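Accompanying notes for the structure given below.
The values are calculated or read from the model by the stated rules, or taken from the named source; none is laboratory data. From a predicted model like this one, the values you see are computed outputs, not experimental measurements. As a convention, Cβ positions derive from the backbone with ideal geometry for all residues, glycine included, and neighbour counts pool all protein chains shown. Protein only, heavy atoms only, side chains kept; ligands, DNA and RNA dropped before computing areas. Shrake-Rupley method; radii C 1.70, N 1.55, O 1.52, S 1.80 Å.
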Amino acid sequence: MTTFADVEYPINVGKIFIHREATDEWFYCSGMVVTSQYKNVVATAGHCIIDPETGEVWENWAFIPGYNDGMLQWPYGAWSPFVGWVFEDWAVFEDPDSDYGFVNVSKLDSQTGEPSGQRIGDFVGGNGLAWNQSSGLSGYVFGYPTTPIPTATSRTADGR
């Protein structure tokens with residue numbers, strides 16, 4: 001395993017904050033900006049888009065790219081979802097092999113609350129996607145461990 005100190009952490013990886021109002025609980029996920037035509041796609045787990053307990057789309061959700069160890073500095077702002085996709089095998093059957101999805105995000109105008117027209121990829125770039133690759137390849141997986149306290153986070157990098 002590669003330690004975080006050995007790897008430059010990409011700013012297009014971030015932390016997702018989810019609040020369930022009914023129980024006043026916070027949940028946290030990792031996400032990454034994906035290179036796309038409109039520069040507005042974030043990849044994450046399906047359970048970070050649809051609440052596994054209720055089957056409903058999470059309502060109170062924000063993506064913070066470049067989130068840094070609980071610091072209240074968000075140089076690239078908070079991004080809100082406006083449409084998301086998960087795979088049917090996750091949404092219907094909770095198949096863990098299909099627990100992933102994609103969200104289109106927008107930065108909201110602080111005055112109006114409406115989408116600002118800014119594109120996240122213009123600020124932080126994006127990562128490519130690959131599939132059906134040889135199992136002998138290595139790469140890095142970046143993310144944030146699940147924790148109940150948003151300021152007690154650490155970033156991880158795995159080069160296996």
Inside the range 43-97, can you point out the residues that are among the polar types (S, T, N, Q), over 21 Å from ALA22 (Cβ atoms) and part of a strand (DSSP E or B)? THR44
Condition check: under 20 Å from TYR144 (Cβ atoms) and either at pLDDT below 90 or not hydrophobic (A, V, I, L, M, F, W, C) (or both). Does VAL7 satisfy that? yes
Among (1) farther than 21 Å from PHE142 by Cβ; (2) not in a loop (DSSP other than H, G, I, E, B), TYR38 falls short only on (2)
For ASP109, are the conditions met, namely being at pLDDT 80 or above and surrounded by fewer than 13 Cβ atoms within 10 Å (Cβ to Cβ)? yes
Matching residues, the range 79-106, being without any contact (Cβ under 8 Å) to a residue 12 or more places away in the chain and open to solvent by less than 60 Å² (accessible area, probe 1.4 Å): ASP95
When you look at THR112, is it polar (S, T, N, Q) and out of contact with any strand residue (DSSP E or B) (no Cβ under 8 Å at 6 or more places or on another chain), yes or no? yes
Any idea how many residues of the range 10-35 are in a loop (DSSP other than H, G, I, E, B) and crowded, with 17+ Cβ neighbours inside 10 Å? 2
Look at the range 112-142 and say how many of its residues are open to solvent by 80 Å² or more (accessible area, probe 1.4 Å), closer than 30 Å to GLU88 by Cβ and modelled with pLDDT of 90 or more. 1
Return only the number of the condition from (1) modelled with pLDDT under 90; (2) closer than 20 Å to TYR140 by Cβ; (3) aliphatic (A, V, I, L, M) that LEU72 does not satisfy. (2)
Qualifying residue in the range 60-69 (condition: surrounded by 14 or more Cβ atoms within 10 Å (Cβ to Cβ), modelled with pLDDT under 90 and more than 12 Å from the chain's Cα centre (by Cα)): yes
